[in-house]
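Data block below; observations after.
The values are calculated or read from the model by the stated rules, or taken from the named source; none is laboratory data. Since the structure is predicted, the reported quantities are computational estimates derived from the model, not experimental observations. Positions of Cβ are generated from backbone atoms using ideal geometry, with glycine treated the same way; all protein chains shown enter the neighbour counts. Heavy atoms of the whole protein, side chains included, go into the accessibility calculation; ligands, DNA and RNA do not. Shrake-Rupley method; radii C 1.70, N 1.55, O 1.52, S 1.80 Å.
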Amino acid sequence: MVSKVKKRFIAGAVCPRCSEMDKLMMYKEDEKNFRECISCGFKDEMRFQQQTRELETRVNLSQEIKKSETQVLTLDPTGSKRKQ
């Protein structure tokens, strides 16, 4: 039985060989993703990198952690020096 491979154009993609825009097609064959240029015949396997976990920094800490680390200062409205 021959199965037909469904190819789809990749909008806005530029061919790495001939630099033509909107000429790349993407398709899946044997559980692998490929791209192919209809202009120059360029073909390669697309390998997607797994997304790595973002390192925690002071910028992307959760709100709960930020609240627990926030310093609260209480100021005496009468001043620190008292008259006797």
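Could you check the range 8-43 and list, in sequence order, the residues that are in contact with a strand residue (DSSP E or B) (Cβ under 6 Å, 6 or more places away or on another chain) and either open to solvent by 90 Å² or more (accessible area, probe 1.4 Å) or acidic (Asp, Glu) (or both)? The answer is Arg8, Phe9, Met21, Lys32, Glu36, Lys43. Contact map, the range 25-49: residues that are touching a residue at least 24 places away in the same chain (Cβ under 8 Å) and of a type outside the set (Asp, Glu) paired with residues that are open to solvent by less than 40 Å² (accessible area, probe 1.4 Å) and not in a strand (DSSP E or B), Cβ distance under 7 Å, separation 6+ or inter-chain. Pairs shown: Ser39/Cys15; Cys40/Cys15; Phe42/Cys15. The one condition from (1) open to solvent by less than 100 Å² (accessible area, probe 1.4 Å); (2) assigned to a loop (DSSP other than H, G, I, E, B) that Glu54 does not meet is (1). Of the residues making up the range 2-43, those that are in a loop (DSSP other than H, G, I, E, B) and either at positive phi or of a type in the set (D, E, K, R) (or both) are Lys4, Lys6, Lys7, Gly12, Arg17, Ser19, Glu20, Asp22, Lys23, Asp30, Glu31, Gly41. Mind listing just one residue for me: the one in the range 57-84 that is among the charged types (D, E, K, R) and at pLDDT 65 or above and, of those, least open to solvent (accessible area, probe 1.4 Å)? The extreme case among them is Asp76.
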